[in-house]
Amino acid sequence: MGMISVLVQDERGIAIGERVDLPTDLFPKADDMRFVCLRFVDPYGDTFFNRLQVQAVLVDLQLLKTTKNKEQLELIHRLETLVRACEKEPHLYLRFIGD
């Protein structure tokens, strides 16, 4: 199982706060059309979402919560904290770093 690191960055690529490492199997498959954004997280490359897009990521996380166990829910909560930090001001980006 691979890992995807997630962090909030400013426009210069400087990390804001802590990063979260998540297993790739936490994320939906690319063909799962129920997910607007999270299905596009690349497990082998980098994926970025801006402040406006993270609102859709939050909706995806709510849906993801319905399909996961207690341990996975804790990881989703940590990711949700990063998303909420990213939406607070412009020029912040949610970055997913694949293996």
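The values are calculated or read from the model by the stated rules, or taken from the named source; none is laboratory data. Since the model is a prediction, treat every value here as computed from it, not as a measurement. Cβ: placed from backbone, ideal geometry, glycine included. Neighbour counts: every protein chain shown.
Structure notes:
- Qualifying residue in segment 40-51 (condition: loosely packed, with under 13 Cβ neighbours inside 10 Å, in contact with a Ser or Thr (Cβ under 8 Å, 6 or more places away or on another chain) and at pLDDT 95 or above): no
- Checking each residue in segment 56-83 for being within 19 Å of Glu18 (Cα to Cα) and over 11 Å from the mean Cα position of the chain (by Cα) picks out Gln72, Leu73, Glu74.
- Breaking point among (1) within 18 Å of Glu89 (Cα to Cα); (2) modelled with pLDDT of 95 or more, for Glu18: (2)
- Every residue from segment 48-90 that is in a helix (DSSP H, G or I) and polar (S, T, N, Q): Gln55, Gln62, Gln72, Thr81
- The set of residues in segment 54-80 being touching a residue at least 40 places away in the same chain (Cβ under 8 Å) and either hydroxyl-bearing (Ser, Thr, Tyr) or within 27 Å of Asp10 (Cβ to Cβ) (or both) consists of Val54, Leu75, Ile76, Arg78, Leu79.
For (1) on the phi < 0 side of the Ramachandran plot; (2) touching a helix residue (DSSP H, G or I) at 6+ places or on another chain (Cβ under 8 Å); (3) among the small types (Gly, Ala, Ser); (4) crowded, with 19+ Cβ neighbours inside 10 Å, each residue gets a yes or a no:
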site: Val59; (1), (2), (3), (4): yes, no, no, no
site: Gln62; (1), (2), (3), (4): yes, no, no, no
site: Thr67; (1), (2), (3), (4): yes, no, no, no
site: Leu73; (1), (2), (3), (4): yes, yes, no, no
site: Thr81; (1), (2), (3), (4): yes, no, no, no
site: Cys86; (1), (2), (3), (4): yes, yes, no, yes
site: Pro90; (1), (2), (3), (4): yes, no, no, no
site: Ile97; (1), (2), (3), (4): yes, no, no, no
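- Residue list for segment 1-16, restricted to those being of a type outside the set (A, V, I, L, M) and touching a residue at least 60 places away in the same chain (Cβ under 8 Å): Gly2, Ser5, Gln9, Asp10, Glu11
- Subset tally (residues that are within 11 Å of the chain's Cα centre (by Cα) and either acidic (Asp, Glu) or outside any helix (DSSP H, G or I) (or both)) for segment 14-27: 5
- Close pairs from segment 24-50: first farther than 13 Å from Leu64 by Cα, partner hydroxyl-bearing (Ser, Thr, Tyr) and not in a helix (DSSP H, G or I), Cβ under 6 Å, at least 6 apart: Val41/Thr47; Phe48/Tyr93; Asn50/Tyr93
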